[in-house]
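Sending over a structure as C-alpha cells; questions will come in a sec.
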Amino acid sequence: MFKKILIANRGEIAVRVLRTAREMGIATVAVYSEADRKSPHVELADEAIEIGPPLPLESYLNIEKIITAAQRAGVEAIHPGYGFLSENPLFAESCTKAGFTFIGPPAEAMRKLGNKLEARHLAISVKALVIPGMMASEVSPDVFKKEAEKIGYPVLVKAAAGGGGKGMRVVSSPDDLEEGLQAAMRESKTAFGDATVYLEKYIAEPRHIEMQILRDTHGNAVWLGERECSIQRRHQKIIEESPSPVLTPELREEMGSVAVAIVKAAGYFNAGTVEFLYENGRFYFLEVNARLQVEHPVTEFCTGLDLVALQLEIASGGKIPFTQKDVNPRGHSIECRIYAEDAAKNFLPSSGTIVGLREPQGPGVRCDSGLREGLEISVHYDPILSKLVTYGDNRAEAIRRMQCSLSEYVILGVATPINLLQNILKHHAFVSGELSTHFLEHHFADWVPPVPDEAVQEVALIAALLAGKGAKHSGSDITRAQPTPWQTIGSWEIART
C-alpha cells in the first residue's frame, strides 16, 4: 500500500479522499490555489502546496504544476478526485511518466471511453443496446439531414468528445437541424477543444440509471448495484438514490453484467461507472464515467464498502477482496447535492462568504462537505458545496430522514437549493418513484421558494443582527464569542427582497 499520496483536487471530494487515506495510515498532500488557501482540505492534509492563481487553468488544471508539487512532496501516487483532470488521459500519462501511480484507469481506456462514438462501437461489440443513431462523425450537412430522417425526429445532437450537457441540442424538425448542429459544434469546441458531433434518437422520458463497477489487474471485476440519477437540472444530477425504484432483480443482474463486459472490453481498471438510459423496460448504454462519481456515497451506504479505500487498494496492485456473490446491497440511500446556486433564478451560481453553517448529523445521515464558517465561495469553481446522504431500511425511511436532515441544514451567505430539494422530496411523483430526466420541467417549471411569514422574518433579522454583534472578524476568518442564533433557534433563512 502507498505511504504517501497527493490529492489533485479541492473542496468536498478532496476532504473525502483525505479522510479515507488518513484512516488507512497514508500520509496526504493537498494542492490549492490562492483562492483556497484557507479551505478545509488544506487544513486537513499532512502537507499542502500552493499551485497558482484562482483560475483553474493556472492551478487545478495545470498538469505541470501538479506533477511538480508531487515531485516536491515525494509522493508515490496521485488521486484525481472528480472533475478537473480526473478523466484526462494526458494527465494519467504524465503521472506515469513522472513515476507516480495514477489512482484511476489507464490512459488508453480513458481514450476509448472518452469519445462517445468509440464508446458506442465498444458497447455494441459486447452486444449492449445503444440508442439508435450515427456510428461515425460527419461534417456534411446533407449527411446529417439524411441520418436525421433515418433516425426519425426528434433527434439529439451530441458532442463526441465530452458530456455534462455541453455540446448537446434537441432538434424537433428538419428546419431546426442546421442551427442545432452549429450551436452544438460551437459549444463542443469551446468546452472540449473538439467540434465533432453526431446524432442520436431523442428519448422523450428516460430514466438515468448507472452501475458502479470495480476491476483490478488480477482479472477480477464486480458490479456494486445501481444508482438512479434521473432528477437533474441542465443535464446535471441533483438527487441520486440506490437502488432504483424501477429495476427488477433480473434487469439489475443484466445491467451489471453488461457494465462489467464493457469495462473489460475497454481494458479498464479501478472504480468506474457505466451509465444507461432506461425506458419501457429496456436500458441503453450511454457512457462510462472513468472516475469516482459524486454520488458514490449512496453505494457505500447500501453495500458497507469504502470505494476510495478500494480505489487505493486496486491502484497499489491489490485484489478486490470479495467476489460478486459477496455483494449484497441492503436498504435504501438518497443523496442531495447542495450547490451554491439560486434555484429560483434558473440555478444561477452564487458566491460569497459562509457566515453561518449548521450541518445535519445523526444515525443514517452523512454530510460530505468542504465547508466551514468564514469560507469564501469562489466564482472560479464548480458550485457544489456538499453532499447530504441518508440511509434507511427502505425508500420511505430514507426519504423521511432526508426531509428531516434538509430541514436542519443551514448555510448562510450564499444561495442554495435546499428549499427546492425539500419540495421535490415531498412531491407525490417523487414519493411514488415516477421519475424521468424531465422531472423538474414537468413538476417544478414555475417553482418559487416559500416566503417566510412576518414572525419568521423578524426572528431571522434579529438573529442576523445578534450574530453580527457576536462575531469577531480577522481577515477572512470568523470566530464566535457565543453560539450563533442559527445554532439555537432552528432552521430559518433571511427573507428574500
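The values are calculated or read from the model by the stated rules, or taken from the named source; none is laboratory data. Bear in mind the structure is a predicted one, so any value in this text is a computation, not a measurement. Counting neighbours? That spans all protein chains shown, and the Cβs are built from the backbone with ideal geometry, glycine included.
Within the range 198-251, which residues are among the β-branched types (Val, Ile, Thr) and within 30 Å of residue 444 (Cβ to Cβ)? Before you say what the answer is, go through the steps one by one.
Residues of the range 198-251 among the β-branched types (Val, Ile, Thr): 203, 209, 213, 217, 222, 231, 238-239, 246, 248.
Selection gives 203, 209, 231, 238, 239, 246, 248.
For the range 167-183, what are the residues that are touching a residue at least 40 places away in the same chain (Cβ under 8 Å) and in contact with a Phe, Trp or Tyr (Cβ under 9 Å, 6 or more places away or on another chain)?
181
Moving on to the next point. For the range 297-308, check the following and say yes or no: at least one residue is surrounded by 23 or more Cβ atoms within 10 Å (Cβ to Cβ), small (Gly, Ala, Ser) and without any contact (Cβ under 8 Å) to a residue 60 or more places away in the chain.
No.
Residue 43 versus (1) in contact with a helix residue (DSSP H, G or I) (Cβ under 6 Å, 6 or more places away or on another chain); (2) closer than 25 Å to residue 379 by Cα; (3) in a helix (DSSP H, G or I): which is the lone unmet condition?
(1)
Which condition number does residue 186 fail, the rest of (1) surrounded by fewer than 16 Cβ atoms within 10 Å (Cβ to Cβ); (2) assigned to a helix (DSSP H, G or I); (3) touching a residue at least 12 places away in the same chain (Cβ under 8 Å) being met?
Answer for residue 186: the failing condition is (3).
Now a separate question. Against the definition (touching a helix residue (DSSP H, G or I) at 6+ places or on another chain (Cβ under 7 Å), farther than 17 Å from residue 299 by Cβ and free of Cβ contacts under 8 Å to residues at least 40 places away in the same chain), how does residue 361 come out, yes or no?
Numbers: touching a helix residue (DSSP H, G or I) at 6+ places or on another chain (Cβ under 7 Å): no; farther than 17 Å from residue 299 by Cβ: yes; free of Cβ contacts under 8 Å to residues at least 40 places away in the same chain: yes.
Spelling it out, it is not the case that residue 361 is touching a helix residue (DSSP H, G or I) at 6+ places or on another chain (Cβ under 7 Å), farther than 17 Å from residue 299 by Cβ and free of Cβ contacts under 8 Å to residues at least 40 places away in the same chain.
Further question: Which of the residues that make up the range 115-147 are closer than 22 Å to residue 270 by Cα, outside any helix (DSSP H, G or I) and touching a helix residue (DSSP H, G or I) at 6+ places or on another chain (Cβ under 8 Å)?
Within the range 115-147, 126, 128 qualify.
Somewhere in the range 202-217, is a residue out of contact with any strand residue (DSSP E or B) (no Cβ under 6 Å at 6 or more places or on another chain), under 24 Å from residue 87 (Cα atoms) and not assigned by TED's automatic domain parsing to the domain that holds residue 174?
Yes, some residue in the range 202-217 is out of contact with any strand residue (DSSP E or B) (no Cβ under 6 Å at 6 or more places or on another chain), under 24 Å from residue 87 (Cα atoms) and not assigned by TED's automatic domain parsing to the domain that holds residue 174.
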